[in-house]
Amino acid sequence: MPTSASTKARTITIAHSPDSDDAFMFYGLATNKVRVPGLRFTHTLCDIETLNRKALEGVYDVTAISFHAYPYIQDKYALMPCGGSVGDGYGPMIVSTKALSIQDVKTRRIAVPGEMTTAFLALKLFAPEIETEVVPFDQIIPRILEGKHEAGLIIHEGQLTYAKSGLHRIIDLGKWWRDRQGLPLPLGGNAIRRELGPELIHSVTEALRRSIQHALDHREQALNYAMQFARDLDTQSADKFVGMYVNERTLDYGNDGRSAVSLLLDLGWKAGVITREPQVEFV
């Protein structure tokens, strides 16, 4: 009796954040609009700080990571050339209930979404002596509003919704980085386990690239799918957010994007924020 294709298929485990931009990016693969003969893909959704920690153990074949985490997993994973979230003049923001000055905010204790996030790395490059406290990313704005923190470092959709909560933007670290370095700020990427081997790595990478292209080509359908992960964003805001982080740079970082990854991690290493020398390698 012939064996079905499904039982012969190799399972590739994929993990990414439950965010509208990641959902948009993986729409093609998650809904089987993009298929690869001989492969089946499973999807696990976790917050980015959890994914960074899981990557240390090599849990998933493909995983979204913060670039800050890459030096600690570089023995197990290589960076995929597609799937990156890059802020071109925008990125994580420090917000507060008060219109603090830049110097004022450097003396405050800041709520941050995780010490392995790229937002945290950028913050420590901006203000090395700043005090921080880790808070789940989706609790940072509520805790500022409750008065538990005077300021916080926000990522994801909070970059579009903070003003509705009556908060002041003190600094956009993506803009600060571009003004300082003349480069986009690479925030997150997708990494793939080296143990898969060159042939499988190539097939999976092409599948992800096709998934991103499919979403860009079928924007309305992909956005409808991504809305289930949009966390209080209306369709127009979700479309804006997705456009910020899933675009031509997501298909390929470009030379300046790749240079920015290397520079960011090198500066983090030299500043002592990163304790393992980065060896950046794209497949």
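The values are calculated or read from the model by the stated rules, or taken from the named source; none is laboratory data. In this text, all values refer to a predicted model and were calculated from it rather than measured experimentally. Positions of Cβ are backbone-derived with ideal geometry, glycine not excepted, and every protein chain shown enters the neighbour counts. These accessible areas exclude ligands, DNA and RNA; they are computed on the full protein's heavy atoms, side chains included. Shrake-Rupley method; radii C 1.70, N 1.55, O 1.52, S 1.80 Å.
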Cross-link partners among lysines for Lys54, C-alpha distance below 16 Å, same-chain residues fewer than 8 apart left out?
Lys76
Near the amide H of Leu39, under 5 Å away, which other amide H atoms are found, from residues 5 or more places off or on another chain, if H is placed in the peptide plane?
Arg10
Under the rule rounded for a/c under 1.5, else prolate if a/b exceeds b/c, else oblate, using alpha carbon gyration tensor axes a ≥ b ≥ c, region 172-283 is classed as oblate
Violating pairs (Cα-Cα greater than 25 angstrom) within the set Lys98/Lys175; Lys106/Lys240; Lys148/Lys270; Lys124/Lys148; Lys98/Lys164:
Lys106/Lys240; Lys148/Lys270
Tell me, what HN-Hα J-couplings in whole Hz come from the Karplus equation 6.51 cos²θ - 1.76 cosθ + 1.60 at θ = phi - 60° for each residue of region 98-111, using x for Gly and Pro?
10, 7, 6, 7, 4, 5, 4, 5, 5, 9, 8, 8, 9, 6
Vicinal HN-Hα couplings computed from phi for region 66-75 (Karplus, 6.51 cos²θ - 1.76 cosθ + 1.60; Hz; Gly/Pro x):
7, 4, 4, 7, 4, x, 7, 10, 5, 6
Could you work out [θ]222 nm for the chain from helices alone, using -39500 (n - 2.57) per DSSP H run of at least four and dividing by all its residues? Round to the nearest 500 deg cm²/dmol.
-11000 deg cm²/dmol
Which value, in debye to the nearest 20, gives the size of the charge dipole of region 95-234 about its Cα centre, when Lys and Arg are +1 and Asp and Glu are -1 at the Cβ?
280
In whole Hz, what ³J(HN,Hα) sequence does region 229-244 give by Karplus (6.51, -1.76, 1.60; θ = phi - 60°), x for Gly and Pro?
10, 7, 6, 6, 8, 6, 4, 5, 5, 5, 4, 5, 4, 4, x, 5
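Using a 10 Å cut-off on Cβ atoms, rank the peptides 251-261, 119-129 from the highest mean neighbour count down.
Working: 251-261: 17.8, 119-129: 19.8.
Descending packing order for the listed peptides: 119-129, 251-261.
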Heavy atoms only, probe 1.4 angstrom, no DNA, RNA or ligands counted: give me Lys76, Lys106, Lys33 ranked by accessible area, highest first.
Lys33, Lys76, Lys106
